Every structure is written in C-alpha cells, then in structure tokens.
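Visitor: Take this structure, written in structure tokens, and hold onto it; I'll ask about it next.
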Amino acid sequence: MGKVIVVTSGKGGVGKTTSSAALGAALAQSGDKVVVVDFDVGLRNLDLIMGAERRVVYDLVNVIQGEAKLTQALIRDKRVETLYLLPASQTRDKDNLTSEGVEKVIGALKSHFDWVICDSPAGIERGATLAMRHADIAIVVTNPEVSSVRDSDRIIGLLDSKTLKAENGERMEKHLLLTRYDPARAERGDMLKVDDVLEILSIPLLGIIPESMDVLRASNIGSPVTLADERSAPALAYFDAVRRLKGENLPMTIPGEKRGFFGKIFGRKAA
Amino acid sequence: MTAVLTKPRPIRLKGRSYLALTLTPELPFEDWLVRLDDLAGRSAGFFLRRPVVLDVEGLEIDRAQLRDLVGKLGARNVRIMGIEGARPSMLGNDLPPAMSGGKTTGDIEEPAAEPAREAPVTETVAEAPAAPLPTRTAPASLVVTQPVRSGQSIFAEGDVTIVGSVASGAEVIAGGSIHIYGTLRGRAMAGTLGNAEARIFCRKLEAELVGIDGYYKTAEDLEPGLRGKPVQFWLEGETFTAGSLA
C-alpha cells in the first residue's frame, strides 16, 4: 500500500503546486512509483508545471463521475517513467468532488503507487478539505511571512481535526516545507527567520527551499525544478526534503549557499 | 461643542452557555419529518419555547434544501436558534447563525406516549411533561496538550490549561482561570461565566485580546513593556491589572 501525502498551505501562491511537482518528480527519480493528483478543480495548474497540458483528455472529475476509467485519466511523464499525473478539471465546478468519489480514487491509486501526492487548492473550503481527508502525511508549505504562517497554522488545526486520521484518533504526520526563503532578507529582518516560523508552527522541518529564479524558469518550460536543473539550489533542497521524507537524518542546509545554514550563522557571529 | 470622552467605558462582553436540544435530521427529509411529527404528536408542545439547534454535519444538501427544512420545522413550531456543521456557503442572513463548539450532555429523553385519552373529561389537559434535563455537576476543567491553532476555539466552564502556545486568530474561553505554558498570541477570556476572581497566566505575552469577567484589553491597550514577558492578568475591583511573573 502506498502512502498518501497532501501538500497544503491555506494561503495561495506560496508554492504548493511547484512543491508537489518537484517532490513528486524527485521521489520518482529515486525509482519509486508516484502519482501527483491535482485537486484544484476549476483552477488547475499542475498540468502546466509538469508540462502535460496538451495531453489532458480525462480528469479527476471524469473519474469520480464514472465517465472515464482511472487508467484513461492518468498521464505518464515523458521524462521519468514512474511519474504520473492525475489532472483536475478546468471546466467543472468543485462541488463535483464528492467525499465517496475521492475516497474511491485515492484507494485505487494507493494500491498501484508507492506515493500519492495530493496537490491541495488554496483556502479551507471543500477542495482543500477533501484533498487532506485521506492523507497519511501532510506537507505544509509556508513562506517566511506572517500571513502565510498564520494560514498554515489554521491548516494544521484542520489537519488535526477534519481528516480521517484525526477522526479515528490517530496523529497525522506533519512536516513543514519553508519555501521562497531568502537568508539575506531574513537576516535584515524583512522576512521571518526559520526559528521564528518553527516556534510558531511547532511541527518538524522537512526542508528549506531558497528563493530562486530557477523555480520560475522551470515552471515556464513546463518541468518540475528537480527535472529541469538537477544541480540548481532549489532542486538540491527538494532532493534533500525527499530523503528526509523517506526517513534519512540529514543536517538542515540551504543548498547553493557556500556554508551550511547553521555554519553561516556561527560564521557571522564569529566575524 | 462636542464632548470628547477621554476615557470611554468599554462594553462588557460576557459568555454564557445554555442547554439546547440538538436535532439531527436524516435524508430523505420527508421520512424524517414524518418521524418527527410522530414524536411531536405523542407530546404536544415538546419543542415549544425550547432552544433547538439543527446539526447538519455530513448531510449532502444545498442551501435551498436547508432553507426549506428550516421553514418546514418552523411550520411545526420548532424554532431553530442555530445551525451546526453547515458549510458557510449554505448559510445566509435568512437562516439562523452557525453554531460550533457544542458539548454533548447526553441524550434528552423522548417524551413517553401521552396518558390514555380515556382520562376523566373534567380534567384539564395538563402541559406535556418537560423532558428531564441533565443536572449540572462541578464546572469541568480542561487540559490541552497541543498548540491551539489559528481558527480554533477552546471552551471549558472551569479552568483551562494549555501546554503549548495559542496562535494568532485562536481563542481560549474559560469560566475559570486560563494557564498557558507557551506564547499567548491569540485571545484569552477568563471568568466568562461571571467569575471576577479568575486570572490569566501565560509564559510569553503576544496577545491580541485578553479579558476577565467581561472586562477586556486589546493588544494596543497593553503596556508595551510586558510584551514577550511572562505575565498574569487579574481584576482589582473594576480595574483590569497586568503584572510580570518574572
């Protein structure tokens, strides 16, 4: 049985879709069988980020409504053969997502894939709650600024109350993915520091993704950043996050910096 | 000349909890209403003057269906004071407000069948026996061992102890005192059931609002020197007082 991950944040524009694609591709590059599911019905973007927008025939809503088989809707990536995409519908209303329908689709995907990554829409409405409902693991994507942190806190509250795991009295495994982090701006006080965010949210840190032009460039050519340029700083950060997700104990660094994150702090203090 | 109030008297805000009857309708509503009519038929006036909350959690209905149901209940003299478990999109100004955070107090017994009608005709029709209400025990206190997240609301009639932080946008409401072993970033209201002796304690103060027994202070009214410090709040007469715990 595969594991179901929800990538969520509450706030929009913090990097949920980018992170879903990058993490999904990175997991698939390590040899695991991965499907990334777009839950943003009506405002789908994942197909663009993954460069599959011209190959969408059927979507999640078609499968839920019984108009297409799951195998017909799944799109296999052209670069990594163990990576699949289940796109969202752009034309349908999100009320077409039913709880039973989603449960059935997730159940079927779990038995075929090692990882099912659910890319949640922004907000706390139906689409977002259904995306998190069947998850085993939650990745909370947060930018180092106050509104994103508060929205993430709200989402963590929902993860602990509205998911199947929570309702069964189990604890949802939650990880923080800090995106668009700029160490220089954090040092100047323009951004929250890593420790501030961790203190407020108090969930374990999965990775720090640096603010980088590479992410935008990758999006525009329709490629997850971990596939577009494997040596770029954000790609390295996502690869590290995936290794931590699989249980490895790695020191927290911001790739692309000359020194490790903590080394940098101590280095400055010593100077 | 306009009089300028230099020290405006703040409005007193108090919380109070009441026992309400909760109805949990089931689909299809037609069948459920028949069963409700059957219940009401056995005891006229069971729902009369009783606060009733409608719990629609998990029901796949839209706004029109909900409004229709509330209307049909109204026609049966069942007045709905609030709706629990509805999506915000289902509620509007024409429907009762959303309720949340209710606590179960046990089932209220259905009224037994009315005594046989063969009773002497001279007897006036007695009012239906009110269902026995659960008796209230000592106010329950509450210990929360996880952080209180933004959007969450914690309530207990007794003391509330939080082992963790209270996030911005979260609130803790207690009939007694509030103890927070973490940072208070949201709201804390103690003594809301009319207890002026209640206090609020926190390890680190970043609060949006604190209140005791209806007296309150917002972040702007708090002494700036107390920010980030361990602090307690209490009432001295009608004066809201804050002091460092360090």
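The values are calculated or read from the model by the stated rules, or taken from the named source; none is laboratory data. Model, not experiment: these values are computed from the prediction. All Cβ positions, glycine included, derive from the backbone under ideal geometry; neighbour counts span all protein chains shown. Just the protein is used for accessible areas: all its heavy atoms, side chains included, with ligands, DNA and RNA removed. Shrake-Rupley method; radii C 1.70, N 1.55, O 1.52, S 1.80 Å.
Visitor: Note down the nm distance, to one decimal, between modelled labels 7 Å out along Cα→Cβ at A:Thr98 and at B:Ala75.
Guide: About 2.8 nm, to one decimal.
Visitor: Need the full-extension length gain, A:Lys3 to A:Arg185, defined as separation in residues times 0.36 nm minus the C-alpha distance. One decimal, nm. Numbers along the way, then the final one.
Guide: Working: separation 182, 0.36 × 182 = 65.52 nm, distance 3.61 nm.
The span from A:Lys3 to A:Arg185 would gain 61.9 nm if fully extended.
Visitor: Where does the charge balance sit around A:Val225 when Lys and Arg score +1, Asp and Glu -1, over other residues with C-beta under 10 Å from its C-beta?
Guide: Values: positive: A:Arg217; negative: A:Asp214, A:Asp229, A:Glu230.
Taking every other residue near A:Val225 into account, the sum is -2.
Visitor: A further question follows. Ignoring ligands, DNA and RNA, what percent of the 1.4 Å accessible area of segment A:141-262 is carbon and sulfur? Don't skip to the end; give the middle numbers.
Guide: Values: 2810 of 5830 Å².
The nonpolar share, carbon plus sulfur, comes to 48 percent.
Visitor: OK, next. Ignoring GluC sites (Glu not before Pro) that are buried or in helix or strand per DSSP, and keeping those with at most 16 other beta carbon atoms within 10 Å, what is the longest stretch of chain A between them? Walk me through the numbers before you get to the answer.
Guide: Numbers: sites that count: A:Glu67, A:Glu81, A:Glu125, A:Glu145, A:Glu170, A:Glu230, A:Glu248.
My reading of the result: A:1-66 is the longest stretch.
Visitor: Find how many whole Å separate the alpha carbon centroid of segment A:44-114 from the alpha carbon centroid of segment B:155-174.
Guide: So the separation of the two Cα centres works out to 41 Å.
Visitor: Need the per-residue list for segment A:102-137: every residue with at least 50 Å² less accessible surface in the complex of protein chains than in the chain by itself, probe 1.4 Å, sorted by number.
Guide: A:Arg126
Visitor: Counting pairs of alpha carbon atoms under 8 Å apart in space and at least six apart in sequence, what relative contact order in percent does chain A give? Present the calculation step by step, with values, prior to reporting the outcome.
Guide: Working: 544 pairs, mean separation 63.9, N = 271.
Computed over chain A, the figure is 24 percent.
Visitor: Can you give the translational diffusion coefficient of chain A in µm²/s, computed by Stokes-Einstein from the Kirkwood radius over Cα pairs at 25 °C and 0.890 mPa s?
Guide: Diffusion coefficient, whole number: 132 µm²/s.
Visitor: If you don't mind, another one. Give the A-B buried accessible area in Å², both sides summed, 1.4 Å probe, nearest 100. Spell out each step's value before the answer.
Guide: On the way: alone 12550 and 15520 Å², together 26880 Å².
In total, this chain pair buries about 1200 Å².
Visitor: Would you please give the FRET efficiency between B:Ile11 and A:Gln72, computed as 1/(1 + (r/R0)^6) with r the Cβ-Cβ distance and R0 = 56 Å, to the nearest 0.05?
Guide: Working: r = 61 Å, r/R0 = 1.09.
After rounding to 0.05, the efficiency reads 0.35.
Visitor: Another question about this same structure. At 1.4 Å probe size, with the rest of the protein present, what percent of the exposed accessible area of segment B:136-229 is carbon and sulfur atoms? Spell out each step's value before the answer.
Guide: Values: 2030 of 4130 Å².
Accessible surface attributable to carbon and sulfur in segment B:136-229 totals 49 percent.
Visitor: Still on this model: Within 10 Å of each Cβ in peptide A:142-155, how many partner chain Cβ atoms are there on average? Round it to a whole number, please. Kindly include the intermediate steps, with their values, before the conclusion.
Guide: Numbers: counts 0, 0, 0, 0, 1, 0, 0, 3, 9, 3, 3, 13, 8, 3.
Average per residue, whole number: 3.
Visitor: Can you give the alpha-carbon Rg of segment A:41-100 over 2.2 N^0.38 Å, where N counts its residues? Provide the component values of the computation, followed by the final result.
Guide: Details: Rg = 11.4 Å, N = 60, 2.2 N^0.38 = 10.4 Å.
Normalised by 2.2 N^0.38 Å, the Cα Rg of segment A:41-100 equals 1.10.
Visitor: Here is the link list: A:Lys94/A:Lys162; B:Lys14/B:Lys204; A:Lys16/B:Lys217; A:Lys11/B:Lys72. Which ones come out longer than 28 Å on Cα distance?
Guide: Details: A:Lys94/A:Lys162 18 Å; B:Lys14/B:Lys204 25 Å; A:Lys16/B:Lys217 38 Å; A:Lys11/B:Lys72 39 Å.
Flagged as over cut-off: A:Lys16/B:Lys217; A:Lys11/B:Lys72.
Visitor: Treat every Asp and Glu Cβ in segment A:193-248 as -1 and every Lys and Arg Cβ as +1, leave all other atoms uncharged, and give the resulting dipole magnitude about the Cα centre to the nearest 20 debye. Please report the intermediate quantities before stating the final value.
Guide: Details: 6 positive and 9 negative charges, 43 e Å.
That gives a dipole near 200 debye.
Visitor: For segment A:130-247, what does the convex hull of the Cα positions come to per residue, in cubic angstrom? Kindly include the intermediate steps, with their values, before the conclusion.
Guide: Numbers: hull volume 14.2 nm³, N = 118.
Looking at segment A:130-247, the number lands at 120 Å³ per residue.
Visitor: So, in Å, what gap is there between the alpha-carbon centers of segment A:136-176 and segment A:1-41?
Guide: After rounding, the separation between the Cα centres reads 15 Å.
Visitor: Given R₀ = 22 Å, what would the calculated FRET efficiency be for B:Glu197 paired with B:Tyr18, taking r from the Cβ atoms and rounding to 0.05? Walk me through the intermediate numbers first.
Guide: Working: r = 23 Å, r/R0 = 1.05.
Result of the calculation: an efficiency of 0.45.
Visitor: Gain in length, A:Asp229 to A:Glu125, computed as 0.36 nm per residue apart minus the alpha-carbon separation, to one decimal in nm? Please list the in-between numbers first.
Guide: Values: separation 104, 0.36 × 104 = 37.44 nm, distance 3.49 nm.
Fully extending the segment from A:Asp229 to A:Glu125 adds 33.9 nm.
Visitor: Is the shape of the protein assembly as shown rounded, prolate or oblate, going by the alpha carbon gyration tensor and its root eigenvalues a ≥ b ≥ c, with a/c under 1.5 for rounded and a/b larger than b/c for prolate? If you can, show how the numbers build up before the last one.
Guide: Working: a/c = 2.65, a/b = 1.32, b/c = 2.01.
It comes out oblate by the Cα gyration axes.
Visitor: Provide the gained length on full extension for the span A:Leu198 to A:His112, in nm with one decimal, where the gain is 0.36 nm per separating residue minus the Cα-Cα distance. Please report the intermediate quantities before stating the final value.
Guide: Details: separation 86, 0.36 × 86 = 30.96 nm, distance 3.50 nm.
Additional length available on full extension: 27.5 nm.
Visitor: Counting partner chain Cβ atoms within 10 Å of every residue's Cβ in B:146-159, what's the average?
Guide: On the way: counts 5, 8, 2, 13, 11, 11, 7, 0, 0, 0, 0, 0, 0, 0.
Rounded to a whole number, the mean comes out at 4.
Visitor: For segment A:1-78, taking Cα atoms only, what is the radius of gyration to one decimal and the Dmax to the nearest whole Å?
Guide: Calculated on Cα positions, Rg and Dmax stand at 12.8, 34 Å.
Visitor: Starting from the 7 Å offset along Cα-to-Cβ, what nm value, one decimal, do you get for the label separation of B:Thr218 and A:Arg171?
Guide: The two pseudo-label positions are separated by 3.8 nm.
Visitor: Kindly state, as a whole number, the per residue volume in cubic angstrom of the convex hull around the alpha carbon atoms of segment A:97-190.
Guide: Values: hull volume 10.2 nm³, N = 94.
Roughly 108 Å³ of hull volume per residue.
Visitor: Where in segment A:177-259 are there trypsin sites (Lys or Arg not before Pro) that are in a DSSP coil and have at most 14 other Cβ atoms within 10 angstrom of their Cβ?
Guide: Details: sites: A:Arg180, A:Arg185, A:Arg188, A:Lys193, A:Arg217, A:Arg231, A:Arg243, A:Arg244, A:Lys246, A:Lys258, A:Arg259; in loops: A:Lys193, A:Arg231, A:Lys246, A:Lys258, A:Arg259.
Here the trypsin sites (Lys or Arg not before Pro) that fit, given the DSSP loop and packing criteria, are A:Arg231, A:Lys246, A:Lys258, A:Arg259.
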